1. Would you mention how many residues in the stretch 34-83 are hydrophobic (A, V, I, L, M, F, W, C), modelled with pLDDT under 95 and over 22 Å from residue 180 (Cα atoms)?
2. Of the conditions (1) in contact with a strand residue (DSSP E or B) (Cβ under 7 Å, 6 or more places away or on another chain); (2) within 25 Å of residue 42 (Cβ to Cβ), residue 111 fails just one. Which one is it?
3. Yes or no: residue 2 of a type in the set (Lys, Arg) and either modelled with pLDDT of 95 or more or surrounded by 12 or more Cβ atoms within 10 Å (Cβ to Cβ) (or both)?
4. From the list 179, 140, which residue is among the hydroxyl-bearing types (Ser, Thr, Tyr) and at pLDDT below 95?
5. Can you pull out every residue in the stretch 92-142 that is under 17 Å from residue 65 (Cα atoms), of a type in the set (A, V, I, L, M, F, W, C), within 14 Å of the ligand (Cβ to nearest atom) and surrounded by fewer than 17 Cβ atoms within 10 Å (Cβ to Cβ)?
6. For the list (1) in a loop (DSSP other than H, G, I, E, B); (2) touching a Lys or Arg at 6+ places or on another chain (Cβ under 7 Å); (3) closer than 25 Å to residue 103 by Cα, I need the number of the one condition that residue 156 fails.
7. Could you check the stretch 57-143 for strands (runs of 3 or more DSSP E) lying wholly inside it with 1 or more residues that are of a type in the set (Asp, Glu)?
8. Kindly establish whether residue 191 is farther than 27 Å from residue 40 by Cβ, part of a strand (DSSP E or B), out of contact with any Cys (no Cβ under 7 Å at 6 or more places or on another chain) and among the aliphatic types (A, V, I, L, M).
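The values are calculated or read from the model by the stated rules, or taken from the named source; none is laboratory data. Bear in mind the structure is a predicted one, so any value in this text is a computation, not a measurement. Positions of Cβ are backbone-derived with ideal geometry, glycine not excepted, and every protein chain shown enters the neighbour counts.
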Amino acid sequence: MKNLILVALVFLAIHPALRLASAQDGSLEGRVLFQGKEERGKSADVVVYLEGGEAADARPEGPVPVLSQKDITYVPHVLPVQAGSEVEIDNEDEILHNVHAFAELNESFNVAQIAHMKFRRTFYRPEIVHVGCDIHSQMSAYIVVLRTPYFTKPGKDGRFAIRGVPPGRYTLRAWHEKSGTITVGEVEIAAGRPGERDVDFE
Ligand SMILES: [Cu+2]
């Protein structure tokens, strides 16, 4: 029996993907700034994420992320997902859209989508995939495919919190469509108390 427990413990230790979120998990909080200033609204289209640590071993879980088309607009404009995730693309409008995804490392696609149609695609590799509509040129979205499950989008006030992060050392990065990807620096995530670090697109 003792041996069995030991085997189970070793198994869990070497399979971080199987570990459950626990009170021991840490978090990182901060503000997104542009040249040192808050920019309401703009920061809501930023993706903040942690790479390294146990991130590479974690697998996508939870509900399927959705990119919707509503009132001739993509909702959300920026959709972060972990590599390996399936993404559902919905048309909530009463009109035809044509979803055109421009990928380099993932499969590009070009799908005519009638009213209320849904379809799914899987994004296996980290990259920024731009999505547009061939019928409505003003429609624009980004699927931000990340290696890590530890990501978030800030609120309109620019504040963000990445929760459920296993303690360890990570690289904090962020992306915005105008600035591209920036590396903020190394952060140490500890169990229990939240870490703090601001993200500044200088
Ligand atoms: Cu359209």
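1. Of the residues in that region, 1 qualify.
2. Going through (1) in contact with a strand residue (DSSP E or B) (Cβ under 7 Å, 6 or more places away or on another chain); (2) within 25 Å of residue 42 (Cβ to Cβ) one by one, residue 111 breaks only (2).
3. no
4. Being among the hydroxyl-bearing types (Ser, Thr, Tyr) and at pLDDT below 95 holds for just one of 179, 140, which is 179.
5. Correct list: 117 only.
6. Every listed condition holds for residue 156 apart from (3).
7. 85-91, 127-133
8. So residue 191 does not fit the description; no.
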